Amino acid sequence: MKNYKLLLAFILLFSSLGANAEFRLGKDYLTISNPLPVKQDGVVEVLEIFWYGCGHCNNLEPVIANWSKKQDSSVKLTKMPVTWGSAHQLHAKLFYTIEALGIGEKGHAAVFTSIHKERNYLSNEESILQLLETFDFDRAEIKKQMNSFSVKQKLKRAMEITRQLKVQAVPMLFVDGQYKIEAKRSHSEMLEVADHVIALQKPVS
């Protein structure tokens, strides 16, 4: 009985130490040499850069969605598609078209399902049009939004940010445009590091 109590005490001790472990700059998260401008509004912005075709991004999606719902108004999660090559840029265009059509979460979920469960990789405009038509949009309206000035500008901006932040892998998180967090051991740890950096970025009350 004494041995059991001693073992339990050690487990509780090490669990406590693990929960209070400090993440370190330069090891668990990195600074950006050419950071993005930060809004001085007291809100910490977490930028998630992803690609629809990335398996890790697909697995992260429900985890980060759940994490985002638990944040208060002082934290804002923003998503941005990576734009390395033509395939990525096509999917980035799809992302912003979904936003323009106002089908946000449902549209993004449908894309991940199409690619990772149905093996429809949405590798051309025709396959994308067919997918978006399932949301009861007229093809002409979809094309109008897809080729709109707003979508083109957002795609251009995403390409600029991808280059500026030197994004080499996805998924990747950037906190206030200054700190980079890469996916290493697990998605949950990635978000724990994000929580740590967010706490550092929040203004002292």
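At-a-glance table
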{"item": "Residue in segment 127-134 that is of a type in the set (S, T, N, Q), part of a helix (DSSP H, G or I) and open to solvent by 70 Å² or more (accessible area, probe 1.4 Å) present", "result": "yes"}
{"item": "Conditions (1) in contact (Cβ under 8 Å) with a residue 60 or more places away in the chain; (2) part of a helix (DSSP H, G or I); (3) of a type in the set (A, V, I, L, M); number of the one not met by residue 170", "result": "(2)"}
{"item": "Single condition residue 39 does not satisfy, out of (1) modelled with pLDDT of 95 or more; (2) closer than 20 Å to residue 154 by Cβ", "result": "(1)"}
{"item": "Residue in segment 46-61 that is free of Cβ contacts under 8 Å to residues at least 12 places away in the same chain and either out of contact with any Leu (no Cβ under 6 Å at 6 or more places or on another chain) or surrounded by 12 or more Cβ atoms within 10 Å (Cβ to Cβ) (or both) present", "result": "no"}
{"item": "Any hit, segment 76-91, residues being at pLDDT below 95, open to solvent by 80 Å² or more (accessible area, probe 1.4 Å) and assigned to a helix (DSSP H, G or I)", "result": "no"}
{"item": "When residues of segment 167-184 are limited to those that are within 13 Å of the chain's Cα centre (by Cα) and farther than 21 Å from residue 38 by Cβ, the one surrounded by the most Cβ atoms within 10 Å (Cβ to Cβ)", "result": "171"}
{"item": "Index of the failed condition, residue 113 passing every other in (1) more than 21 Å from residue 29 (Cα to Cα); (2) surrounded by fewer than 20 Cβ atoms within 10 Å (Cβ to Cβ); (3) in contact with a helix residue (DSSP H, G or I) (Cβ under 6 Å, 6 or more places away or on another chain)", "result": "(3)"}
{"item": "Verdict on residue 108 being surrounded by 11 or more Cβ atoms within 10 Å (Cβ to Cβ), modelled with pLDDT of 95 or more, in contact with a strand residue (DSSP E or B) (Cβ under 7 Å, 6 or more places away or on another chain) and not basic (Lys, Arg)", "result": "no"}
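The values are calculated or read from the model by the stated rules, or taken from the named source; none is laboratory data. Values in this document were obtained by computation on a predicted structure and should not be read as measured data. Glycine also receives a Cβ, built like all others from the backbone with ideal geometry; neighbour counts cover every protein chain displayed. Just the protein is used for accessible areas: all its heavy atoms, side chains included, with ligands, DNA and RNA removed. Shrake-Rupley method; radii C 1.70, N 1.55, O 1.52, S 1.80 Å.
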